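Here's the structure, in structure tokens; my notes come after.
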Amino acid sequence: MTESKLQTLTLAALEDMKAETTHVLNVSAMTSIADLMVVTSGRSTRHVKSIADHVVEQAKKAGFNVFGVEGKESAEWVLVDL
């Protein structure tokens, strides 16, 4: 699977969950550990947690590795490393 397929899958999962204000940042020139960063927001902590859960579920279903999830306990912010 390619980076563009992962990006497409992630953006579709965010749209499914009605994520708000989504931005895709190309960070490949700034770091060797990531090519893209997708930043989005939700309406509440419950919404943020649900968005993260859906992204993880969709990524796993498509065969992508989920390297880690941070911040889900409080869901003020959540980082999903794909």
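Below, the figures for the structure above:
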| quantity | calculated |
| --- | --- |
| Whole-Hz couplings from phi, Karplus 6.51/-1.76/1.60, listed for the range 69-82; x for Gly and Pro | 9, 10, x, 5, 4, 8, 6, 5, 8, 9, 10, 10, 9, 10 |
| The chain, accessible area per residue, ligands and nucleic acids excluded (1.4 Å, Å²) | 70 |
| Nearest-ten-degree value, helix 3-16 long axis tilted from longest Cα axis of the chain | 10 |
| Integer Hz, Karplus 6.51/-1.76/1.60 couplings in order for the range 61-67, x for Gly and Pro | 4, 8, x, 7, 7, 9, 7 |
| Cβ-based net charge around Val48, under 11 Å, with every Lys or Arg adding one and every Asp or Glu removing one | +1 |
| Cα-based Kirkwood hydrodynamic radius, the chain, one decimal, Å | 12.9 |
| Estimated dipole of the range 19-82 in Debye, rounded to 20 [Cβ of Lys and Arg +1, of Asp and Glu -1, Cα centre] | 200 |
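The values are calculated or read from the model by the stated rules, or taken from the named source; none is laboratory data. Quick caveat, the model's predicted, so the values are computed rather than measured. Counting neighbours? That spans all protein chains shown, and the Cβs are built from the backbone with ideal geometry, glycine included. Surface accessibility is based on the protein's heavy atoms, side chains included, excluding ligands, DNA and RNA. Shrake-Rupley method; radii C 1.70, N 1.55, O 1.52, S 1.80 Å.
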